[in-house]
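What follows is calculated from the coordinates using simple rules that are stated; it is not laboratory data. As the structure is a computational prediction, the values presented were derived from the model and not from experiment. With ideal geometry, Cβ positions are generated from the backbone for all residues, glycine too; neighbour counts draw on all protein chains shown.
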Amino acid sequence: MYKLSQLTEDGSIMLHGQKIADTILYVNGDFVKKSEAVISVYDSGFQHGDGVYEGIRAYGRKVYRLDEHIKRLYESCYTLGIDIGKTKDEMKEIVKELIRRNLDAGFTDLHMRLQVTRGFKAQTGMHPTLNVTNASIVICVDQKPPIFNKEGITLVTTWLKRYSPSYMDPKIHCCNQLNQIMAACEAIRQGADEAIMLDQNGYVAETNSTNLQMIKDGALILPTLDSQLPGITRKTMIQIAKEMGMEVQVRNVSVSEYYNADEVFICGTVGEVVPVKMIDGKKIGTQIPGPITEKFSQEYKKMTETLGVSIDD
């Protein structure tokens, strides 16, 4: 399923047999090519995954729901005691300038990972008192259309549980994603696209990288936020459902309910709205994508054309 990245003779990065665009990144105040971007091995992000991030997508010359992403980033940093050192408006301007530079260089389908870590450490050790610089700010930019197959993906349920707030609050959009990476490895071993992660009580939380939702008897049904990230796209799905006059249920949902759903889909900034065709070997619904999932996808596309923050303002 997955092939290792490799370098060509000219130094280009290859993935799945395709050359990866040498986009422009932001690294602690500098705009540099991906192939030239570096950060210290003593940075807290590398040392311990001590930081937070946001996945942000641009559509043309607009950055989709930039205000919401920046708000969530700053809230996560505040929770972890990381002083970003820049105002929200300053951060937005950096993002907009970065998009301008990449568009001017001819890159399209831009997806960003805005990452803030606790900064440089004087020596190894996890204690925050070892940090001797301001926060590190890195914005990776990839030329990456929405991932996942819009004709339907397969899921498997993993034995790995999603963190609860008792251990690591998933509402903190942190850089340490080993919990989800191990679940993704389990999905790969079983030939699936994503893994369903349960909460401590055995109810569905989310997949290893997206929010998971279902349609049953005309209602949109979502797991609670107890053990999952409050996704911005998830919130958008609720908004669309209400505008369509649909009932919205937010409650504990078991895997067996997903097996018997009329439609199931995942959603997130990196992949948008994607139908699920199979869970644990069981076919979902009678049509992929289902009519309501297709309607959600269409309405989401309309929103990406109107709700973005212009980089020209």
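Against the longest principal axis of the chain, how steep is helix 232-243, in degrees 0 to 90 to the nearest 10, with axes from Cα atoms?
Approximately 40 degrees, to the nearest ten.
If you average the sequence gap of Cα pairs under 8 Å that are 6 or more apart and divide by the length of segment 188-313, what percent do you get for the contact order?
Details: 194 pairs, mean separation 26.6, N = 126.
About 21 percent, as a whole number.
Let's test this: bin the Cα-Cα distances of segment 153-305 at 5 Å from zero up to the farthest pair and state each bin's percent.
So the P(r) values, bin by bin, are 2, 10, 21, 24, 22, 14, 7, 2, 0.
Looking only at segment 103-137, which residues have a backbone nitrogen under 15 Å from a spot 7 Å from the Cα of residue 86 in the C-beta direction?
112-119, 134-137
With θ set to phi - 60°, apply the Karplus curve 6.51 cos²θ - 1.76 cosθ + 1.60 along segment 59-64 and write out the HN-Hα couplings as whole Hz, x wherever there is a Gly or Pro.
Computed from phi, the couplings for segment 59-64 are 10, x, 9, 10, 9, 5 Hz.
Considering the Cα trace of the chain, what is its radius of gyration and what is Dmax, both in angstroms?
19.8, 58
Give or take rounding to whole Å, what are the principal axis extents of the alpha carbon atoms in segment 6-143, in descending order?
42, 37, 23
Mind ordering 217-223, 28-34 by average Cβ neighbours within 10 Å, highest first?
Working: 217-223: 17.3, 28-34: 12.4.
Final packing ranking: 217-223, 28-34.
Most exposed first by the Cβ proxy, i.e. fewest other Cβ within 10 Å, how do 246, 112 rank?
Working: 246 17, 112 27.
Least to most surrounded, the residues fall as 246, 112.
Got the relative contact order for the chain handy, in percent, Cα pairs under 8 Å and 6 or more residues apart? Walk me through the numbers on the way to the answer.
Values: 639 pairs, mean separation 56.9, N = 313.
In percent, rounded to a whole number, it is 18.
Cα centroid distance between segment 234-253 and segment 147-213, in Å?
21 Å
Just name one of 227, 27, 258: the one whose Cα is farthest towards the positive end of the charge dipole of the chain (beta-carbon charges, Lys/Arg +1, Asp/Glu -1).
Farthest along the dipole direction, towards plus: 258.
Taking 0.36 nm per residue of separation and subtracting the Cα-Cα distance, what length does fully extending residue 259 through residue 189 add?
Contour length minus Cα-Cα distance gives 23.1 nm.
Using helices alone, I'd like the mean residue ellipticity at 222 nm for the chain: each DSSP H run of four-plus residues gives -39500 (n - 2.57), total over residue count, nearest 500.
On the way: 7 runs with 82 residues, N = 313.
Result for the chain: -8000 deg cm²/dmol, rounded to the nearest 500.
What residues have an amide H closer than 5 Å to that of residue 153, excluding those fewer than 5 places away on the same chain, when H is modeled at 1.01 Å from N in the peptide plane?
276, 277, 278
Indicate, rounded to the nearest 5 percent, the antiparallel portion of the DSSP beta bridges found entirely in segment 90-240.
DSSP beta bridges in segment 90-240 are roughly 80 percent antiparallel.
Run the numbers on segment 6-143 and let me know its relative contact order in percent, using alpha-carbon pairs under 8 Å that are six or more apart.
Values: 236 pairs, mean separation 43.7, N = 138.
Answer for segment 6-143 is 32 percent.
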